[in-house]
Amino acid sequence: MRLRDTIAAISTPPGRGGLGIIRLSGPEARGIAGRVLKFPENHEWKPWTSAIASLPDSEGRLVDRVVVTFFAAPRSYTAEDVVEISCHGSPAVLRYALERACRSGARLAEPGEFTLRAYLNGRIDLLQAEAVRDLIEATTLYQARIAAQQAEGSVSRRLKPVKEQLLELIALLEAGIDFAEDDIDVAPAEEILKRIDPIQNSVDVLIASFAYGKLVHEGFTLAIVGRPNVGKSSLFNRLLEQDRAIVTDIPGTTRDLVSETASVGGIPVKFIDTAGIRPGQDVVEKLGIERSYRAMADADLTVVVLDASAPLEDEDRELIHRAGEQGKHLVAANKTDLPLGAELDGALHVSALTGAGIPELRSAILDALAPRGRLEQEGGFITSLRHEQLLKESGEALAHARQAATLGIPHEMLLLDLYAALRPIDAITGATTADDILNRIFSTFCIGK
(Lines give C-alpha, C1' and ligand atoms only; values in the text may rest on other atoms or scores of the structure.)
Protein backbone atom coordinates (compact mmCIF):
# COMPACT_ATOMS: atom_id res chain seq x y z
CA MET A 1 0.00 0.00 0.00
CA ARG A 2 1.11 3.55 -0.73
CA LEU A 3 0.73 4.91 2.77
CA ARG A 4 1.46 8.53 1.90
CA ASP A 5 -1.50 8.71 -0.46
CA THR A 6 -4.70 10.38 0.63
CA ILE A 7 -7.36 7.67 0.70
CA ALA A 8 -11.14 7.86 0.39
CA ALA A 9 -14.01 5.46 0.98
CA ILE A 10 -17.70 5.27 1.80
CA SER A 11 -17.77 4.41 5.51
CA THR A 12 -21.47 3.62 5.85
CA PRO A 13 -23.13 0.34 4.80
CA PRO A 14 -24.39 -0.14 1.23
CA GLY A 15 -27.99 0.83 0.57
CA ARG A 16 -30.20 3.80 1.23
CA GLY A 17 -30.35 5.63 4.53
CA GLY A 18 -30.84 8.96 6.17
CA LEU A 19 -27.12 9.71 6.05
CA GLY A 20 -24.02 8.41 4.31
CA ILE A 21 -20.40 9.29 5.07
CA ILE A 22 -17.40 9.70 2.80
CA ARG A 23 -14.15 9.54 4.73
CA LEU A 24 -10.82 11.04 3.58
CA SER A 25 -7.48 10.50 5.34
CA GLY A 26 -4.02 11.72 4.44
CA PRO A 27 -1.97 14.86 3.86
CA GLU A 28 -4.24 16.15 1.07
CA ALA A 29 -7.57 15.45 2.80
CA ARG A 30 -8.46 19.12 3.20
CA GLY A 31 -7.29 20.10 -0.27
CA ILE A 32 -9.26 17.32 -1.96
CA ALA A 33 -12.38 18.14 0.06
CA GLY A 34 -11.98 21.77 -0.98
CA ARG A 35 -11.90 20.75 -4.66
CA VAL A 36 -14.90 18.43 -4.35
CA LEU A 37 -17.11 20.75 -2.28
CA LYS A 38 -18.08 24.40 -2.36
CA PHE A 39 -17.61 26.15 0.99
CA PRO A 40 -18.73 29.63 2.03
CA GLU A 41 -16.17 32.34 1.21
CA ASN A 42 -15.20 32.87 4.85
CA HIS A 43 -14.70 29.15 5.58
CA GLU A 44 -11.72 28.20 7.77
CA TRP A 45 -10.59 24.68 8.56
CA LYS A 46 -10.95 24.36 12.30
CA PRO A 47 -10.06 21.02 13.92
CA TRP A 48 -12.90 19.00 15.48
CA THR A 49 -15.61 21.29 14.15
CA SER A 50 -18.26 20.86 11.47
CA ALA A 51 -19.19 23.13 8.59
CA ILE A 52 -21.93 23.27 5.96
CA ALA A 53 -20.90 22.92 2.31
CA SER A 54 -22.43 22.20 -1.11
CA LEU A 55 -21.72 19.23 -3.34
CA PRO A 56 -22.02 20.55 -6.92
CA ASP A 57 -22.05 18.64 -10.20
CA SER A 58 -19.54 19.26 -12.99
CA GLU A 59 -21.54 22.30 -14.15
CA GLY A 60 -21.85 23.82 -10.68
CA ARG A 61 -25.45 22.77 -10.05
CA LEU A 62 -26.34 21.68 -6.53
CA VAL A 63 -26.43 17.93 -5.89
CA ASP A 64 -26.55 17.89 -2.09
CA ARG A 65 -26.00 19.93 1.03
CA VAL A 66 -23.42 18.22 3.25
CA VAL A 67 -21.86 18.53 6.69
CA VAL A 68 -18.06 18.41 6.75
CA THR A 69 -16.10 17.50 9.90
CA PHE A 70 -12.33 17.96 10.15
CA PHE A 71 -10.04 16.02 12.49
CA ALA A 72 -6.47 17.35 12.51
CA ALA A 73 -3.42 15.11 12.81
CA PRO A 74 -2.34 13.55 15.10
CA ARG A 75 -5.59 13.66 17.10
CA SER A 76 -7.68 11.71 14.63
CA TYR A 77 -8.56 8.05 14.12
CA THR A 78 -5.66 7.48 11.71
CA ALA A 79 -3.32 10.08 13.30
CA GLU A 80 -3.48 11.87 9.91
CA ASP A 81 -5.69 14.70 8.72
CA VAL A 82 -9.19 13.21 8.38
CA VAL A 83 -12.20 14.79 6.69
CA GLU A 84 -15.65 13.20 6.94
CA ILE A 85 -18.33 14.34 4.49
CA SER A 86 -21.85 13.55 5.69
CA CYS A 87 -24.27 13.43 2.75
CA HIS A 88 -27.85 12.27 2.44
CA GLY A 89 -27.78 8.47 2.19
CA SER A 90 -28.49 8.09 -1.53
CA PRO A 91 -26.16 5.53 -3.17
CA ALA A 92 -26.01 7.74 -6.27
CA VAL A 93 -24.94 10.81 -4.27
CA LEU A 94 -22.34 8.87 -2.26
CA ARG A 95 -20.91 7.24 -5.36
CA TYR A 96 -20.70 10.60 -7.13
CA ALA A 97 -18.95 12.25 -4.16
CA LEU A 98 -16.45 9.39 -3.97
CA GLU A 99 -15.74 9.57 -7.70
CA ARG A 100 -15.17 13.34 -7.42
CA ALA A 101 -12.74 12.77 -4.53
CA CYS A 102 -10.78 10.20 -6.55
CA ARG A 103 -10.64 12.48 -9.60
CA SER A 104 -9.36 15.25 -7.30
CA GLY A 105 -6.35 13.27 -6.08
CA ALA A 106 -7.56 10.65 -3.60
CA ARG A 107 -7.12 6.91 -3.92
CA LEU A 108 -9.76 4.33 -3.08
CA ALA A 109 -8.95 2.83 0.31
CA GLU A 110 -8.17 -0.86 0.64
CA PRO A 111 -10.16 -2.97 3.16
CA GLY A 112 -9.16 -1.91 6.67
CA GLU A 113 -6.68 0.70 5.47
CA PHE A 114 -7.95 3.44 7.79
CA THR A 115 -7.40 1.18 10.81
CA LEU A 116 -4.09 -0.04 9.38
CA ARG A 117 -2.88 3.54 9.23
CA ALA A 118 -4.02 4.08 12.82
CA TYR A 119 -1.90 1.08 13.81
CA LEU A 120 1.16 2.00 11.73
CA ASN A 121 1.03 5.58 13.01
CA GLY A 122 1.06 4.38 16.63
CA ARG A 123 -2.52 5.44 17.36
CA ILE A 124 -3.50 1.90 18.45
CA ASP A 125 -1.74 -1.44 18.80
CA LEU A 126 -2.62 -4.57 16.84
CA LEU A 127 -4.79 -5.96 19.64
CA GLN A 128 -6.89 -2.82 19.59
CA ALA A 129 -7.09 -2.87 15.79
CA GLU A 130 -8.46 -6.42 15.80
CA ALA A 131 -10.94 -5.40 18.50
CA VAL A 132 -12.26 -2.67 16.18
CA ARG A 133 -13.12 -5.37 13.64
CA ASP A 134 -14.78 -7.47 16.35
CA LEU A 135 -16.82 -4.45 17.46
CA ILE A 136 -18.13 -3.93 13.92
CA GLU A 137 -18.98 -7.64 13.58
CA ALA A 138 -20.64 -7.96 17.03
CA THR A 139 -24.11 -9.50 16.94
CA THR A 140 -24.97 -9.02 20.63
CA LEU A 141 -24.59 -6.07 22.97
CA TYR A 142 -22.30 -8.11 25.22
CA GLN A 143 -19.97 -8.91 22.31
CA ALA A 144 -19.91 -5.20 21.45
CA ARG A 145 -19.08 -4.25 25.04
CA ILE A 146 -16.21 -6.75 25.26
CA ALA A 147 -14.84 -5.62 21.88
CA ALA A 148 -15.09 -1.99 23.00
CA GLN A 149 -13.12 -2.81 26.17
CA GLN A 150 -10.45 -4.50 24.08
CA ALA A 151 -10.38 -1.57 21.66
CA GLU A 152 -9.72 0.62 24.70
CA GLY A 153 -6.77 -1.62 25.60
CA SER A 154 -8.07 -4.09 28.22
CA VAL A 155 -5.96 -7.00 26.89
CA SER A 156 -3.02 -4.76 26.03
CA ARG A 157 -2.91 -3.59 29.64
CA ARG A 158 -2.75 -7.20 30.84
CA LEU A 159 0.10 -7.99 28.45
CA LYS A 160 2.13 -4.86 29.20
CA PRO A 161 3.44 -5.95 32.65
CA VAL A 162 4.20 -9.44 31.27
CA LYS A 163 6.41 -7.93 28.60
CA GLU A 164 8.05 -5.52 31.05
CA GLN A 165 8.90 -8.32 33.49
CA LEU A 166 10.31 -10.39 30.66
CA LEU A 167 12.43 -7.49 29.40
CA GLU A 168 13.75 -6.86 32.91
CA LEU A 169 14.89 -10.49 33.19
CA ILE A 170 16.49 -10.39 29.77
CA ALA A 171 18.34 -7.18 30.69
CA LEU A 172 19.51 -8.74 33.94
CA LEU A 173 20.95 -11.78 32.16
CA GLU A 174 22.52 -9.67 29.43
CA ALA A 175 24.22 -7.59 32.12
CA GLY A 176 25.44 -10.77 33.80
CA ILE A 177 27.07 -11.90 30.57
CA ASP A 178 28.80 -8.53 30.23
CA PHE A 179 30.30 -8.90 33.73
CA ALA A 180 31.14 -12.59 33.36
CA GLU A 181 34.87 -11.84 33.06
CA ASP A 182 34.76 -10.19 36.51
CA ASP A 183 33.26 -13.33 38.09
CA ILE A 184 30.16 -11.39 39.16
CA ASP A 185 27.07 -13.62 39.43
CA VAL A 186 24.21 -11.13 38.96
CA ALA A 187 21.49 -13.74 38.46
CA PRO A 188 21.64 -17.01 40.39
CA ALA A 189 19.18 -19.75 39.38
CA GLU A 190 16.86 -19.01 42.31
CA GLU A 191 16.49 -15.40 41.19
CA ILE A 192 15.81 -16.41 37.59
CA LEU A 193 13.12 -18.89 38.63
CA LYS A 194 11.58 -16.32 40.96
CA ARG A 195 11.23 -13.94 38.00
CA ILE A 196 10.06 -16.52 35.41
CA ASP A 197 7.24 -17.98 37.52
CA PRO A 198 4.96 -14.89 37.68
CA ILE A 199 5.49 -14.28 33.95
CA GLN A 200 4.50 -17.84 33.13
CA ASN A 201 1.50 -17.71 35.46
CA SER A 202 0.22 -14.56 33.76
CA VAL A 203 0.63 -16.15 30.33
CA ASP A 204 -1.14 -19.34 31.49
CA VAL A 205 -4.08 -17.32 32.85
CA LEU A 206 -4.51 -15.54 29.52
CA ILE A 207 -4.33 -18.84 27.62
CA ALA A 208 -6.99 -20.32 29.90
CA SER A 209 -9.22 -17.28 29.30
CA PHE A 210 -9.57 -18.24 25.64
CA ALA A 211 -12.04 -21.01 26.56
CA TYR A 212 -14.53 -18.31 27.55
CA GLY A 213 -13.29 -15.74 25.02
CA LYS A 214 -13.91 -18.15 22.15
CA LEU A 215 -17.53 -18.51 23.24
CA VAL A 216 -17.95 -14.74 23.37
CA HIS A 217 -16.43 -14.27 19.93
CA GLU A 218 -17.87 -17.23 18.02
CA GLY A 219 -20.87 -18.42 20.03
CA PHE A 220 -21.74 -22.10 20.17
CA THR A 221 -24.30 -24.74 19.18
CA LEU A 222 -26.68 -26.39 21.66
CA ALA A 223 -28.77 -29.48 20.83
CA ILE A 224 -31.93 -30.23 22.83
CA VAL A 225 -32.68 -33.98 22.81
CA GLY A 226 -35.02 -36.36 24.58
CA ARG A 227 -37.85 -38.82 24.19
CA PRO A 228 -41.07 -37.69 22.50
CA ASN A 229 -43.38 -35.52 24.59
CA VAL A 230 -40.89 -34.64 27.36
CA GLY A 231 -41.23 -30.96 26.44
CA LYS A 232 -38.18 -30.39 24.22
CA SER A 233 -39.97 -27.99 21.88
CA SER A 234 -41.58 -26.15 24.80
CA LEU A 235 -38.16 -25.73 26.41
CA PHE A 236 -36.72 -24.67 23.04
CA ASN A 237 -39.39 -21.96 22.74
CA ARG A 238 -38.88 -20.87 26.36
CA LEU A 239 -35.12 -20.47 25.90
CA LEU A 240 -35.69 -18.52 22.67
CA GLU A 241 -38.49 -16.50 24.30
CA GLN A 242 -40.63 -16.99 21.19
CA ASP A 243 -42.96 -19.65 19.72
CA ARG A 244 -40.60 -21.04 17.11
CA ALA A 245 -41.32 -24.79 17.30
CA ILE A 246 -44.78 -26.40 17.08
CA VAL A 247 -45.92 -27.79 20.43
CA THR A 248 -48.67 -30.42 20.76
CA ASP A 249 -49.58 -33.31 23.05
CA ILE A 250 -49.06 -35.75 20.16
CA PRO A 251 -45.77 -37.67 20.52
CA GLY A 252 -43.42 -37.25 17.56
CA THR A 253 -44.67 -33.79 16.46
CA THR A 254 -41.10 -32.64 15.72
CA ARG A 255 -39.71 -34.83 12.94
CA ASP A 256 -36.87 -32.67 11.66
CA LEU A 257 -34.32 -30.31 13.15
CA VAL A 258 -35.55 -26.81 14.01
CA SER A 259 -32.81 -24.26 14.67
CA GLU A 260 -32.72 -20.65 15.78
CA THR A 261 -30.01 -18.34 17.12
CA ALA A 262 -30.54 -16.33 20.29
CA SER A 263 -28.44 -14.68 22.98
CA VAL A 264 -27.63 -16.37 26.28
CA GLY A 265 -25.78 -14.08 28.63
CA GLY A 266 -24.83 -11.93 25.63
CA ILE A 267 -23.31 -14.89 23.76
CA PRO A 268 -24.91 -16.02 20.47
CA VAL A 269 -26.20 -19.57 20.77
CA LYS A 270 -27.63 -21.69 17.96
CA PHE A 271 -30.39 -23.77 19.55
CA ILE A 272 -31.40 -26.98 17.78
CA ASP A 273 -34.69 -28.67 18.61
CA THR A 274 -34.50 -32.33 17.58
CA ALA A 275 -36.96 -35.10 16.83
CA GLY A 276 -38.05 -37.20 19.80
CA ILE A 277 -35.82 -40.25 20.08
CA ARG A 278 -37.67 -43.57 20.24
CA PRO A 279 -37.97 -46.71 18.08
CA GLY A 280 -39.13 -45.17 14.78
CA GLN A 281 -42.71 -45.60 13.65
CA ASP A 282 -42.13 -44.81 9.97
CA VAL A 283 -39.37 -43.87 7.52
CA VAL A 284 -39.76 -40.11 8.07
CA GLU A 285 -39.52 -40.39 11.85
CA LYS A 286 -36.49 -42.68 11.58
CA LEU A 287 -34.73 -40.09 9.40
CA GLY A 288 -35.54 -37.40 11.97
CA ILE A 289 -34.08 -39.52 14.77
CA GLU A 290 -30.88 -40.09 12.77
CA ARG A 291 -30.56 -36.33 12.38
CA SER A 292 -31.08 -35.92 16.12
CA TYR A 293 -28.11 -38.19 16.80
CA ARG A 294 -25.99 -36.24 14.30
CA ALA A 295 -26.99 -32.96 15.96
CA MET A 296 -25.86 -34.37 19.32
CA ALA A 297 -22.49 -35.33 17.85
CA ASP A 298 -21.95 -31.95 16.17
CA ALA A 299 -23.16 -29.70 19.01
CA ASP A 300 -20.82 -28.02 21.48
CA LEU A 301 -23.28 -28.87 24.25
CA THR A 302 -26.25 -31.23 24.53
CA VAL A 303 -29.19 -30.74 26.87
CA VAL A 304 -30.96 -34.05 27.56
CA VAL A 305 -34.57 -33.33 28.54
CA LEU A 306 -36.42 -35.70 30.88
CA ASP A 307 -40.03 -35.77 31.99
CA ALA A 308 -39.89 -35.11 35.74
CA SER A 309 -43.55 -36.14 36.12
CA ALA A 310 -42.91 -39.69 34.86
CA PRO A 311 -40.58 -42.52 35.89
CA LEU A 312 -37.14 -42.62 34.27
CA GLU A 313 -37.12 -44.97 31.28
CA ASP A 314 -34.36 -46.99 29.61
CA GLU A 315 -34.38 -44.62 26.61
CA ASP A 316 -33.64 -41.72 29.01
CA ARG A 317 -30.67 -43.54 30.54
CA GLU A 318 -29.35 -44.47 27.10
CA LEU A 319 -29.59 -40.85 25.92
CA ILE A 320 -27.76 -39.53 28.98
CA HIS A 321 -25.03 -42.16 28.51
CA ARG A 322 -24.68 -41.38 24.80
CA ALA A 323 -24.56 -37.61 25.39
CA GLY A 324 -21.84 -38.11 28.01
CA GLU A 325 -19.75 -40.18 25.59
CA GLN A 326 -20.05 -37.60 22.81
CA GLY A 327 -19.09 -34.51 24.80
CA LYS A 328 -20.32 -31.95 27.28
CA HIS A 329 -23.94 -32.26 28.33
CA LEU A 330 -26.56 -31.21 30.86
CA VAL A 331 -29.65 -33.02 32.06
CA ALA A 332 -32.82 -30.95 32.43
CA ALA A 333 -35.84 -32.41 34.23
CA ASN A 334 -38.84 -30.65 32.69
CA LYS A 335 -42.49 -30.45 33.84
CA THR A 336 -41.60 -29.76 37.48
CA ASP A 337 -44.89 -27.89 37.73
CA LEU A 338 -46.51 -31.37 37.88
CA PRO A 339 -46.14 -33.90 40.72
CA LEU A 340 -42.71 -35.53 40.52
CA GLY A 341 -42.70 -39.07 39.20
CA ALA A 342 -39.06 -39.95 39.90
CA GLU A 343 -35.96 -38.86 41.83
CA LEU A 344 -33.60 -37.27 39.30
CA ASP A 345 -30.31 -36.59 41.05
CA GLY A 346 -27.97 -34.19 39.27
CA ALA A 347 -30.64 -32.90 36.90
CA LEU A 348 -31.60 -29.24 36.62
CA HIS A 349 -35.28 -28.91 37.53
CA VAL A 350 -37.15 -26.65 35.11
CA SER A 351 -40.64 -25.96 33.88
CA ALA A 352 -41.00 -24.81 30.29
CA LEU A 353 -44.63 -23.98 31.09
CA THR A 354 -44.05 -21.61 34.03
CA GLY A 355 -40.43 -20.61 33.40
CA ALA A 356 -39.23 -21.97 36.74
CA GLY A 357 -35.54 -22.87 36.69
CA ILE A 358 -34.91 -21.34 33.26
CA PRO A 359 -32.47 -18.64 34.52
CA GLU A 360 -30.48 -21.35 36.33
CA LEU A 361 -30.45 -23.45 33.16
CA ARG A 362 -29.12 -20.50 31.13
CA SER A 363 -26.29 -19.99 33.62
CA ALA A 364 -25.50 -23.72 33.66
CA ILE A 365 -25.33 -23.75 29.85
CA LEU A 366 -22.56 -21.14 29.86
CA ASP A 367 -20.72 -22.62 32.84
CA ALA A 368 -20.73 -26.09 31.27
CA LEU A 369 -18.59 -24.85 28.36
CA ALA A 370 -16.26 -22.37 30.07
CA PRO A 371 -15.92 -20.81 33.51
CA ARG A 372 -16.63 -17.10 33.59
CA GLY A 373 -15.69 -15.81 37.06
CA ARG A 374 -13.86 -12.50 37.01
CA LEU A 375 -13.47 -12.61 33.23
CA GLU A 376 -16.94 -11.17 32.65
CA GLN A 377 -16.21 -8.09 34.73
CA GLU A 378 -12.64 -7.52 33.56
CA GLY A 379 -13.04 -8.00 29.82
CA GLY A 380 -9.30 -8.69 29.76
CA PHE A 381 -9.58 -12.10 28.13
CA ILE A 382 -8.47 -13.17 24.69
CA THR A 383 -11.02 -13.93 21.99
CA SER A 384 -8.68 -14.64 19.05
CA LEU A 385 -7.25 -18.02 18.09
CA ARG A 386 -4.16 -16.21 16.77
CA HIS A 387 -3.53 -14.73 20.20
CA GLU A 388 -4.02 -18.07 21.94
CA GLN A 389 -1.54 -19.82 19.64
CA LEU A 390 1.06 -17.09 20.14
CA LEU A 391 0.63 -17.18 23.92
CA LYS A 392 1.04 -20.96 23.89
CA GLU A 393 4.25 -20.50 21.93
CA SER A 394 5.46 -17.98 24.50
CA GLY A 395 4.45 -20.29 27.38
CA GLU A 396 6.41 -23.19 25.89
CA ALA A 397 9.51 -21.02 25.54
CA LEU A 398 9.16 -19.89 29.17
CA ALA A 399 8.88 -23.53 30.27
CA HIS A 400 12.12 -24.29 28.41
CA ALA A 401 13.79 -21.29 30.04
CA ARG A 402 12.69 -22.47 33.47
CA GLN A 403 14.07 -25.92 32.81
CA ALA A 404 17.35 -24.43 31.59
CA ALA A 405 17.66 -22.36 34.78
CA THR A 406 16.96 -25.42 36.91
CA LEU A 407 19.66 -27.44 35.12
CA GLY A 408 22.21 -24.64 35.37
CA ILE A 409 22.53 -24.18 31.60
CA PRO A 410 24.64 -21.10 30.67
CA HIS A 411 22.77 -17.84 30.51
CA GLU A 412 23.63 -17.34 26.84
CA MET A 413 21.48 -20.39 26.02
CA LEU A 414 18.76 -19.46 28.48
CA LEU A 415 18.47 -16.05 26.82
CA LEU A 416 17.54 -17.74 23.54
CA ASP A 417 14.45 -19.18 25.23
CA LEU A 418 13.56 -15.83 26.79
CA TYR A 419 13.80 -14.06 23.45
CA ALA A 420 11.68 -16.86 21.96
CA ALA A 421 9.07 -16.09 24.65
CA LEU A 422 9.20 -12.36 23.91
CA ARG A 423 8.68 -12.58 20.15
CA PRO A 424 5.12 -14.02 20.26
CA ILE A 425 4.06 -11.34 22.74
CA ASP A 426 5.39 -8.68 20.38
CA ALA A 427 3.52 -10.39 17.54
CA ILE A 428 0.24 -10.08 19.47
CA THR A 429 0.58 -6.34 20.00
CA GLY A 430 2.17 -5.84 16.59
CA ALA A 431 5.66 -4.77 17.62
CA THR A 432 7.31 -7.38 15.39
CA THR A 433 4.48 -8.57 13.15
CA ALA A 434 5.36 -9.60 9.59
CA ASP A 435 3.74 -7.82 6.64
CA ASP A 436 1.94 -10.93 5.42
CA ILE A 437 0.23 -11.32 8.80
CA LEU A 438 -0.80 -7.65 8.77
CA ASN A 439 -2.24 -8.03 5.27
CA ARG A 440 -4.19 -11.11 6.35
CA ILE A 441 -5.63 -9.36 9.41
CA PHE A 442 -6.64 -6.08 7.78
CA SER A 443 -8.05 -7.69 4.64
CA THR A 444 -10.91 -8.99 6.83
CA PHE A 445 -12.03 -5.42 7.59
CA CYS A 446 -14.74 -3.63 5.65
CA ILE A 447 -13.74 -0.86 3.25
CA GLY A 448 -14.09 2.50 4.97
CA LYS A 449 -12.76 1.24 8.31
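The values are calculated or read from the model by the stated rules, or taken from the named source; none is laboratory data. Because the structure is predicted, anything quoted here is derived from the model rather than measured. Counting neighbours? That spans all protein chains shown, and the Cβs are built from the backbone with ideal geometry, glycine included.
If you filter segment 390-449 down to residues that are of a type in the set (F, W, Y) and not assigned by TED's automatic domain parsing to the domain that holds V205, you find that the one that is nearest to D197 (Cα to Cα) is F442. Here S50, S11, S25 are screened, and the one residue that is in the same structural domain as S90 (by TED's automatic domain parsing) and closer than 18 Å to R95 by Cβ is S11. Restricting attention to segment 127-162, the residues being charged (D, E, K, R) and either buried (at least 17 other Cβ atoms within 10 Å of the Cβ) or farther than 27 Å from A421 by Cα (or both) number 6. Within segment 226-242, the set of residues being assigned to a loop (DSSP other than H, G, I, E, B) and more than 17 Å from R362 (Cβ to Cβ) comprises R227, P228, N229, V230. The numbered conditions (1) under 23 Å from E152 (Cα atoms); (2) crowded, with 17+ Cβ neighbours inside 10 Å are all true for A109 except (1). Exactly one residue out of E113, E80, E59 is more than 33 Å from the chain's Cα centre (by Cα) and either at pLDDT below 95 or not polar (S, T, N, Q) (or both): that is E59. For first residues located in segment 331-351 and farther than 21 Å from T302 by Cα, partners that are part of a strand (DSSP E or B) and basic (K, R) and lie 6+ apart or on another chain with Cβ distances below 9 Å do not occur.
Among residues of segment 398-419 being without any contact (Cβ under 8 Å) to a residue 24 or more places away in the chain and part of a helix (DSSP H, G or I), the one that is surrounded by the fewest Cβ atoms within 10 Å (Cβ to Cβ) is L407.
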